[in-house]
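S.K.: Pasting in a structure now, in structure tokens, and then I'll have a few things to ask.
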Amino acid sequence: MPFIPHTETDIRDMLEAIGASDIDQLFDEIPSGLRIGELSGVPAGMTEQEISRLMVARAEADGRPLCFTGAGAYDHHIPAAVWEITTRGEFYSAYTPYQAEASQGTLQLLYEFQTMMAGLTGMDVSNASLYDGASALAEAVLMAVRANRKSKSRRILVPTTVHPQYRKTAHTIVNNQGIELVDVPYCSDGGNTVPDSLRHLEGEDITALVIQHPNFFGVLEEVDVLTEWAHKQGALVIAVTNPVSLALLRPPGEWGGQGADIACGEGQPLGVPLAAGGPYFGYMCCKQALVRQMPGRIVGRTIDRDERDGYTLTLQAREQHIRRSRATSNICTNQGLLVTAATIYMALLGADGLANVARACHANTRALVDRLTGNDCVSPLFNRPYFHETVLQFSLPLADVLRPLYAHNLLPGYDLSKDYPELGNALLVCATEARSAADIDLYADHLNRIIESQTAAGCPVQPKMA
Amino acid sequence: MLIFEQSRAGRRAHVQAPASAEDTPDIPESLLRETRPLLPEASEMQVVRHYTRLSQKNFSIDTQFYPLGSCTMKYNPRACNTLAMLPGFLARHPLAPESMGQGFLACMYELQEMLKAVTGMPAVSLTPAAGAQGEFTGVAMIRAWHDANGDTGRNEILVPDAAHGTNPATATMCGYQVHEIPTGKDGDVDVDALREAVGAHTAGIMLTNPSTLGVFERRIEEIAAIIHEAGGLLYYDGANLNAILGKVRPGDMGFDVIHMNLHKTFSTPHGGGGPGAGPVGVSKRLEPFLPVPVVGYDGDEYYWITEDVRPQSIGRLSTFMGNAGVLMRAYIYARMLGSEGMHRVADFATLNANYLMAKLTDAGFDVAFPERRATHEFIVTLKRQQKELGITAMDFAKRLLDYNMHAPTTYFPMLVPECLLIEPTETECKEDLDAFVDAMVKIQQEAETAPELLKEAPHTQPVRRLDEVRAAKQLDLVWSGKVD
């Protein structure tokens, strides 16, 4: 019996103690018409050896391609120690630290995580995580509506340079609460949100402005001007940032005169593997004044009866298990294990290490752009500076280029044609610090050969714009 | 000591980051960071030692009996972790084409199929990231279904008063009023009160079965009929699915929507409070509203089903497909259990709970519903001890820690005063259950002869009872010291 320790003697003794003749009798309160006999649709059990063979074969079939795709999930080096420690049973198989005295390990780690995230974002406080970047933005929108008491409109401005899946997720989560998410268009030259596009909204009641920086295109936004504009309108600023970029870029807490009000985003770049999209974790930080509006678990430091420092979940009066229908959110769990990994990652890298990672990502992506545009068919689409990701425009059908690159076991980038059809053949590319010069050369060589063969075959190619 | 207090300027784990600081000539000065973020500067060994030591300050399933009611703290097989973390799976970028992820997608598709089979629901989406998000999804689909029928006057969700707090919080998030239904003396929903509460304003009901009181809702078919006659839908909170796995299916009970907590029933790790995974299953009429993406199979290849072909979908709940790695662990667990193993989960979870209930009753403890069978969990109430000895459920819970056992869930459900909700799970052996009974008996004796042992407990943990009022009033959420 998989994972069940009972011997025949145990079963007999236990049934006797209960006063039941067999195990089936323990289910006698279930209406008999509802009971099922054989469970069909589930295959027979496997031994660990058998399931291992199956899973190894499937994992190998998936090929481990060379990755130049980002678009919200980034392939960084992860120190071996990160997951060695994270998967220790004491972290891995513990639950939410309700019994604080028996959970000081997790609780202190979360307190350290909150400190690191507040430091990285330049904000006052942090929670202990949310599900992922997209759902963190959705929660930030709900939080802004609660926090901005002067605004009655429940209107949130969301530039279309914000990750398309974040916008969709936010819509799913807030749309039953009478909240309006208003698109703000981007500038087609720079790929950024320009203050001019907001001018017609001046004087209107706006609850918050979302600023993703670097934005989905990798482009750096004019964060100071946008933050100032929003605050002048009485709107809160929700920053969406990549935590690795913050080792290099001025953090949301320092945007404009007063800084962003809420900062959130995807924590995956901090030591979490790509792993098909999850589990990742969302982070959320805010100004001190808004802390009671923040969703999710929060850990505080306090003292015990002997006045020793200790850690505990706090501000629980916000949460669903206390406030039920009036809670700040229905969130119960956070992403504790991923936060464990991220905390160990940040502790190993330190400020300088993380800054070097950020700089190497930037330099590698610059080198990649340089190498990929050394032909007549590919050019950078936007003229604004970027962090570690940018959009390339192709003058030949993108699908014809991508397919052969996939065949070379390479992930060449994210095709933007579905989310941004107006951009034509546009590819979002990224080279993190984990890509070597040889990797970049390999991509460029394959691409050049593909372009050569396609243009030689007489495919219609539009000349590159000067 | 905090990691920051061990920090020394200039110390680093040198092999973990590029050695040189590359130039960033094209990033405007005004956008560059001027202040160094507060991160520790430590050697790799210091970091490893610090977090290893922190881990040792935790209770966990791997180290202690952990009978936390309603949380299903069963053994997390190590193979599930090892195999889900095979390099080929970890390297998969979520936006890689389907052709480069057939191995992964096959696992997801087969998991969907198995979850359909065990719940009796014809369609499943794996994407919700946790139980609470699964709940949100379920109620959002109920709303979308009513809206699609032009039935927009329904503004109320019924929730039993014993329900988990996420239920009412979720209903509010979906724009509904919450109406609480009382529980009868026998632990079942008060069906007469339910009958009075339903009407044209009823969007649906959120039910956990077995309920959080540790008993099976015997009149479930009648409840389903009442709600359906009123035009509402039934939502099943899968928190307690472990109790009935392979025995009875929510789909057969009349539920229209269900969520499952894979971190409970399918043994994925709780990770110190997440990640979870909360897939949803629905009846045929709700399938068009399922959140995307869903995995499809055409007999040849696995592929994503997205909003393009599901225009009525409630949409996306996360950036990619949800907690894929958790789903992989659940898949591996389910394959090892197989069809026969699923029955046994419910069999032995129920055997263990009823055994523990019988032994504790024999030892003189009061259970909340002595006439009822325990499901996979049951409630002990310490109301008598509180009245006679001034000893609370919290005191018992804290003292259990000194006996090297995690405490059961305390003060939930709120209906039962001074309650301990005890869920041993099927993976515990008889000796460990007996040891728990022994500890409870000893603590009861201490309560009578040396109550300060309980009042002052725990005595053996890294800290003693913490000042929670101070934690909430003098907020200290971020270390404010300076690193070296």
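Values in this text are rule-based calculations from the coordinates and carry no lab data. Just so it is clear, the structure is predicted and the values come from calculations on it, not from any experiment. All Cβ positions, glycine included, derive from the backbone under ideal geometry; neighbour counts span all protein chains shown.
S.K.: I'd like the distance between the alpha-carbon centres of the range B:87-114 and the range A:74-91, rounded to an integer number of Å.
M.R.: 22
S.K.: Going by amide H atoms built from the backbone, whose H comes under 5 Å of the H on B:I305, apart from near neighbours?
M.R.: Here B:V294, B:V295, B:G296 satisfy the definition.
S.K.: Still on this structure, I have one more. When the Cα centres of the range A:248-294 and the range A:331-382 are compared, how far apart do they sit, in Å?
M.R.: 15
S.K.: On the principal axes of its Cα set, how long, how wide and how thick is chain B? Give whole Å, largest value first.
M.R.: Projected onto the principal axes, the Cα atoms of chain B cover 73, 67, 44 Å.
S.K.: Angle check, please: helix A:164-174 long axis (alpha carbons) against the longest principal axis of chain A (alpha carbons), in degrees 0 to 90, nearest 10.
M.R.: Taking Cα atoms only, the helix is inclined about 50 degrees.
S.K.: A further question follows. How do A:Y443, A:Y280, B:Y303 rank when sorted from fewest to most other Cβ atoms within 10 Å of their own Cβ? If you can, show how the numbers build up before the last one.
M.R.: Details: A:Y443 24, A:Y280 35, B:Y303 18.
Ordered from fewest to most neighbouring Cβ atoms within 10 Å, A:Y443, A:Y280, B:Y303 come out as B:Y303, A:Y443, A:Y280.
S.K.: Could you give the Stokes-Einstein D for the range A:1-91 in µm² per second, using the C-alpha Kirkwood radius, 25 °C, 0.890 mPa s?
M.R.: Working: Rh = 19.5 Å.
Once the numbers are plugged in, D ends up at 126 µm²/s.
S.K.: A further question on this structure: Using θ = phi - 60° and the Karplus curve 6.51 cos²θ - 1.76 cosθ + 1.60, what whole-Hz ³J(HN,Hα) does each residue of the range B:382-390 get, with Gly and Pro shown as x?
M.R.: Listing the rounded values in order: 9, 4, 5, 4, 5, 6, 7, 10, x Hz.
S.K.: Convert each backbone phi in the range B:230-240 into a coupling constant with the Karplus relation 6.51 cos²θ - 1.76 cosθ + 1.60 (shift: θ = phi - 60°), then list the ³J(HN,Hα) values in order as whole Hz, x for Gly and Pro.
M.R.: 7, x, x, 10, 10, 10, 9, 7, x, 3, 10
S.K.: Could you put A:I211, B:I305, B:I391 in order, starting from the residue whose Cβ has the fewest other Cβ atoms within 10 Å? Don't skip to the end; give the middle numbers.
M.R.: On the way: A:I211 28, B:I305 15, B:I391 23.
Ranking A:I211, B:I305, B:I391 by Cβ neighbours within 10 Å, fewest first, gives B:I305, B:I391, A:I211.
S.K.: What does the average come to when, for each residue of peptide A:242-249, you count the partner chain Cβ atoms lying within 10 Å of its Cβ? If you can, show how the numbers build up before the last one.
M.R.: Details: counts 0, 1, 0, 1, 2, 5, 7, 5.
That average works out to 3.
S.K.: Just rank A:S436, A:S151, fewest to most, by other beta-carbon atoms within 10 angstrom. Don't skip to the answer; put the middle values down first.
M.R.: Working: A:S436 12, A:S151 19.
So the residues, fewest neighbours to most, are A:S436, A:S151.
S.K.: Please list, in order along the range B:18-28, the HN-Hα scalar couplings obtained from phi with the Karplus expression 6.51 cos²θ - 1.76 cosθ + 1.60 (θ = phi - 60°), rounded to whole Hz, x for Gly and Pro.
M.R.: For the range B:18-28, the Karplus-derived couplings read x, 6, 9, 9, 5, 6, 10, x, 8, 8, x Hz, x marking Gly and Pro.
S.K.: Work out the charge dipole of the protein assembly as shown with +1 on the Cβ of Lys and Arg and -1 on the Cβ of Asp and Glu about the Cα centre, then indicate which of B:F369, B:V178, A:P195 is farthest towards its positive end.
M.R.: A:P195
S.K.: Measure nothing but the geometry: give the 0 to 90° angle between the long axis through the Cα atoms of A:8-18 and the longest principal axis through the Cα atoms of chain A, rounded to 10°.
M.R.: 70
S.K.: Relative contact order (percent) for chain B, with alpha-carbon contacts under 8 angstrom and 6 or more residues of separation? Please list the in-between numbers first.
M.R.: Numbers: 858 pairs, mean separation 93.5, N = 484.
Taking the mean separation of contacting Cα pairs over the length of chain B, I get 19 percent.
S.K.: Test of the criteria: in the range A:58-153, which chymotrypsin sites (Phe, Trp or Tyr not before Pro) are in a DSSP loop and have at most 12 other Cβ atoms within 10 angstrom of their Cβ? Could you put the intermediate results ahead of the total?
M.R.: Details: sites: A:F68, A:Y74, A:W83, A:F91, A:Y92, A:Y95, A:Y98, A:Y111, A:F113, A:Y131; in loops: A:F68, A:Y74, A:Y95, A:Y98, A:Y131.
Those that pass, being in a loop and sparsely packed, number zero.
S.K.: Tell me whether the range A:138-243 comes out rounded, prolate or oblate; compute the Cα gyration tensor, take square roots of the eigenvalues as a ≥ b ≥ c, and use a/c under 1.5 as the rounded threshold.
M.R.: On the way: a/c = 1.71, a/b = 1.22, b/c = 1.40.
Oblate shape, in that a/c is at least 1.5 and b/c is the bigger or equal ratio.
S.K.: Right, another one. With point charges of +1 on the Cβ of Lys and Arg and -1 on the Cβ of Asp and Glu, referenced to the Cα centre of chain A, which listed residue (A:V223, A:L405, A:I11) lies farthest in the positive direction of the dipole?
M.R.: Sorting the options by dipole projection puts first A:V223.
S.K.: So, one more: Per DSSP H run of n ≥ 4, the term is -39500 (n - 2.57); total these for chain B, divide by its residue number, and report the mean residue ellipticity at 222 nm rounded to 500 deg cm²/dmol.
M.R.: Details: 15 runs with 174 residues, N = 484.
Computed mean residue ellipticity for chain B: -11000 deg cm²/dmol.
S.K.: Here's a follow-up. To the nearest 10 degrees, how steep is helix A:133-147 against the longest Cα principal axis of chain A, on a 0 to 90 scale?
M.R.: Roughly 80 degrees, rounded to the nearest 10.
S.K.: Shielding by partners for B:273-284, please: the mean number of other protein chain Cβ atoms within 10 Å of each residue's Cβ. Working shown, then result.
M.R.: Working: counts 21, 18, 14, 7, 2, 2, 0, 0, 0, 0, 0, 0.
That average works out to 5.
S.K.: Another question, if that's okay. Rounded to the nearest 20 Debye, what is the dipole magnitude of the range B:79-336 about its Cα centre when Lys and Arg each give +1 and Asp and Glu each give -1 at the C-beta? Spell out each step's value before the answer.
M.R.: Details: 17 positive and 27 negative charges, 139 e Å.
Rounded to the nearest 20 debye, it is 660 debye.
S.K.: While we're here: Name the shape class, rounded, prolate or oblate, that the alpha-carbon gyration tensor gives for chain A, where a ≥ b ≥ c are the square roots of its eigenvalues, rounded holds for a/c under 1.5, and otherwise prolate holds if a/b is larger than b/c and oblate otherwise. Could the numbers behind the result be given before it?
M.R.: On the way: a/c = 1.89, a/b = 1.30, b/c = 1.45.
Cα axes put chain A in the oblate bin.
S.K.: Under DSSP H, which helices of chain B have Cα atoms covering 27 Å or more of the helix axis and a Kyte-Doolittle average no less than -1.0?
M.R.: Values: long enough: B:324-362 (45 Å, 0.24); B:430-449 (29 Å, -0.48).
Counting only whole DSSP H runs, the qualifying helices are B:324-362, B:430-449.
S.K.: Now for a separate question. Excluding A:R12 itself, calculate the net charge of residues whose Cβ lies under 12 Å from the Cβ of A:R12, where each Lys or Arg counts +1 and each Asp or Glu counts -1.
M.R.: -4
S.K.: If Lys and Arg each add +1 and Asp and Glu each add -1, what is the summed charge of the other residues whose beta carbon sits under 13 Å from the beta carbon of B:Y236?
M.R.: Numbers: positive: B:R249; negative: B:E135, B:E217, B:D237, B:D252, B:D256.
Charge balance in the 13 Å sphere: -4.
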